[in-house]
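Report on the structure given below.
The values are calculated or read from the model by the stated rules, or taken from the named source; none is laboratory data. The shown structure was predicted, so the numbers you read here are calculated from the model rather than taken from an experiment. Cβ atoms come from the backbone with ideal geometry, glycine included; neighbour counts cover every protein chain shown.
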Amino acid sequence: MIAFDHVTQFVDDRHASAGTLRSAGLHAVEGGKHQGFGSANDLCHFDLFYIEMLEIIDREEAANSGSEVCRYAVDFLTGGEGLATLAFETDDLTAVRERLIEHGFTVAEPVSMQRVHDDGFVSHSKIIYPESSDLDIIAPIVIERSATADQRRDSLRSVGVVADHPLGEIAVEFIGVAVRDALASAATIGAAYGVSFDTDLRHEGTDRYADVQLDRARLRFVEPTTDDGAAAARLAARGPGPFCIGVKTTDATVETLNRIDGIGWCAA
């Protein structure tokens with residue numbers, strides 16, 4: 001199983017970012033501190049897919065931690081906040097790691113991580129940080145958790161982390177990632193992670209794109225054909241990387257989401 005787990009937004013103040021989402025009618029909650037990694041997060045769930053608002057609370061600890069995401073956040077935030085990294089979930093991390101290595105990725109041994117919640121509960125996971133020179137973006141990390149999806153859903157609902165959004169029913173359809181070659185990016189990710197992907201470009205406005213199919217949400221590689229638009233702006237400002245979250249909902253809700261500061265939203 002390979003599912004889209006979350007997209008991370010690096011922020012200066014996780015509580016302020018979560019407050020912005022709540023003000024717009026989304027359900028966002030406090031997460032917890034990542035012990036030994038110099039970071040902490042707040043979360044906005046759409047069932048088991050979520051937006052992680054990651055704040056660096058100890059710059060030195062984060063810069064020297066075993067988490068490549070935290071080390072990247074330290075540098076990224078010098079240029080401002082924004083969507084930054086992608087995470088997949090699997091129930092067989094060993095098999096995924098072996099496949100990635102077979103496809104030319106460099107993958108170190110898994111890093112064990114724990115998050116201390118404000119109520120004292122400690123959650124555990126194992127994470128790999130693949131690297132590939134064939135990708136424009138930072139390769140999606142992969143997480144394995146001890147709890148099953150159903151166990152996590154029940155647990156997260158019981159404590160209010162997962163709940164209905166006051167704004168209405170919202171489903172994340174895709175995460176848009178700006179790249180210079182959409183087909184090549186989709187093929188590299190699809191083959192290495194073992195998921196299906198588009199072999200032909202699709203067109204929308206001034207962009208063309210290719211999707212990678214995952215459980216929970218799609219990964220959409222967007223290749224701008226002009227200097228206009230959000231994908232082109234992301235490439236010009238920060239290089240390749242995630243820039244928008246595609247949602248399926250009513251037009252009125254999408255219009256509201258489009259006004260949320262710090263996150264690009266678009267209709268699926």
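If you check Ile51, Ile101, which single one turns out to be of a type in the set (A, V, I, L, M) and more than 20 Å from the chain's Cα centre (by Cα)?
Details: Ile51 fails: more than 20 Å from the chain's Cα centre (by Cα).
Testing whether each residue is of a type in the set (A, V, I, L, M) and more than 20 Å from the chain's Cα centre (by Cα) leaves just Ile101.
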Q. Within 21 Å of Pro166 (Cβ to Cβ), surrounded by 21 or more Cβ atoms within 10 Å (Cβ to Cβ) and not assigned by TED's automatic domain parsing to the domain that holds Gly79 - does that describe any residue in segment 238-245?
A. yes
Q | Residues that are among the β-branched types (Val, Ile, Thr) and within 24 Å of His45 (Cα to Cα), drawn from segment 223-247 | A | Ile245, Val247
Q) What number of residues within segment 185-207 satisfy the criterion of being in contact with an Asp or Glu (Cβ under 9 Å, 6 or more places away or on another chain), in a strand (DSSP E or B) and surrounded by fewer than 18 Cβ atoms within 10 Å (Cβ to Cβ)? A) 1
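Taking the stated definitions as given, is Asp12 over 24 Å from Pro110 (Cβ atoms) and not polar (S, T, N, Q)?
Working: over 24 Å from Pro110 (Cβ atoms): yes; not polar (S, T, N, Q): yes.
In short, yes.
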Q. Which residues, counting only those in segment 18-52, are among the aromatic types (Phe, Trp, Tyr) and closer than 13 Å to Val162 by Cβ?
A. Phe46, Phe49, Tyr50
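Just one of Leu156, Leu135 is in a loop (DSSP other than H, G, I, E, B), touching a residue at least 40 places away in the same chain (Cβ under 8 Å) and of a type outside the set (Val, Ile, Thr); which is it?
That would be Leu135, the only listed residue that is in a loop (DSSP other than H, G, I, E, B), touching a residue at least 40 places away in the same chain (Cβ under 8 Å) and of a type outside the set (Val, Ile, Thr).
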Q: Please tell me if Glu61 is in contact (Cβ under 8 Å) with a residue 60 or more places away in the chain and either among the acidic types (Asp, Glu) or not assigned by TED's automatic domain parsing to the domain that holds Ser146 (or both).
A: no
Q. Looking at segment 158-184, which of its residues are charged (D, E, K, R) and either closer than 24 Å to Ala252 by Cβ or exposed (fewer than 14 other Cβ atoms within 10 Å of the Cβ) (or both)?
A. Asp164, Glu169, Glu173, Arg180
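From Thr199, Thr206, which residue is over 20 Å from Trp265 (Cβ atoms), of a type in the set (S, T, N, Q) and either over 20 Å from the mean Cα position of the chain (by Cα) or in the same structural domain as Asp134 (by TED's automatic domain parsing) (or both)?
Working: Thr206 fails: over 20 Å from Trp265 (Cβ atoms).
Just a single option satisfies the conditions, and that option is Thr199.
Looking only at residues that are under 13 Å from the mean Cα position of the chain (by Cα) and either surrounded by fewer than 21 Cβ atoms within 10 Å (Cβ to Cβ) or among the polar types (S, T, N, Q) (or both) in segment 1-40, which one is nearest to Val212 (Cα to Cα)? Give the steps one after another, and end with the answer.
Here is the first cut: in segment 1-40, the residues under 13 Å from the mean Cα position of the chain (by Cα) are 3-10.
This time we only want the ones that are either surrounded by fewer than 21 Cβ atoms within 10 Å (Cβ to Cβ) or among the polar types (S, T, N, Q) (or both), so: 3, 8-9.
On the way: Ala3: 11, Thr8: 18, Gln9: 21 Å.
Result: Ala3.
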